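Here the structure comes first, spelled out in structure tokens, and everything after it is commentary.
The values are calculated or read from the model by the stated rules, or taken from the named source; none is laboratory data. All of these numbers come straight from a predicted model, not from anything done at the bench. Positions of Cβ are backbone-derived with ideal geometry, glycine not excepted, and every protein chain shown enters the neighbour counts.
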Amino acid sequence: MLAPYDSIELAHPLVLKLRGSPGIEVINYQVVFKKAGVVADDRGSLCFIVNPQTRRILFGNFGHPEWAPGAEHVFALFPRLFFSIVGDPRIYLLAVHYGAWESMGTWVVLDAQDGKPLTVPITPLAN
């Protein structure tokens, strides 16, 4: 069976930067699958939480709506904003989480400094 695509393009990067300490960045790409230079599927996404000071990826995932609902590492994550809470030293990331198929989307809060999901039990790709 021939693959439905022969190349992948990372398009439309969205970068959220937390200025100052700890200098966290969230990078989100649209993943475009192509066949003979023509777009075959443009519904994939990649999302990374990165600490540029230590050059570590704190969180990473690939998402696509046609993955099996039971695929624990495949989900879309779209970052929206960083926030903090008075009296709490941590920085948080608010994002929208989409599972497979007909997922409607769920808000999720992550600890931006270590990449751990706090409100939804999602499992990122291995670091």
Has the range 88-110 got at least one residue that is within 26 Å of S7 (Cβ to Cβ), modelled with pLDDT under 90 and either more than 14 Å from the chain's Cα centre (by Cα) or among the aliphatic types (A, V, I, L, M) (or both)? yes
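Yes/no matrix, rows are residues, columns are (1) out of contact with any strand residue (DSSP E or B) (no Cβ under 8 Å at 6 or more places or on another chain); (2) loosely packed, with under 12 Cβ neighbours inside 10 Å; (3) modelled with pLDDT under 90:
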{"residue": "P22", "(1), (2), (3)": "no, no, yes"}
{"residue": "I27", "(1), (2), (3)": "no, no, no"}
{"residue": "V31", "(1), (2), (3)": "no, no, no"}
{"residue": "L46", "(1), (2), (3)": "no, no, no"}
{"residue": "P65", "(1), (2), (3)": "no, no, yes"}
{"residue": "A71", "(1), (2), (3)": "yes, no, yes"}
{"residue": "L77", "(1), (2), (3)": "no, no, yes"}
Cβ-Cβ distance below 7 Å, separation of 6 or more or different chains: which pairs start in the range 25-43 with a residue that is part of a strand (DSSP E or B) and end on one that is surrounded by 15 or more Cβ atoms within 10 Å (Cβ to Cβ) and of a type in the set (S, T, N, Q)? N28/S45; Y29/S45; Q30/S45; V31/S45; D42/Q30
Selection count, the range 42-68, where residues are over 22 Å from V109 (Cβ atoms) and touching a His at 6+ places or on another chain (Cβ under 8 Å): 2
Could you list all residues from the range 79-121 that are aliphatic (A, V, I, L, M), part of a loop (DSSP other than H, G, I, E, B), touching a residue at least 24 places away in the same chain (Cβ under 8 Å) and surrounded by 14 or more Cβ atoms within 10 Å (Cβ to Cβ)? I91, A100, A112
Residue count, the range 41-58, condition under 15 Å from the mean Cα position of the chain (by Cα) and closer than 15 Å to K17 by Cβ, comes to 6
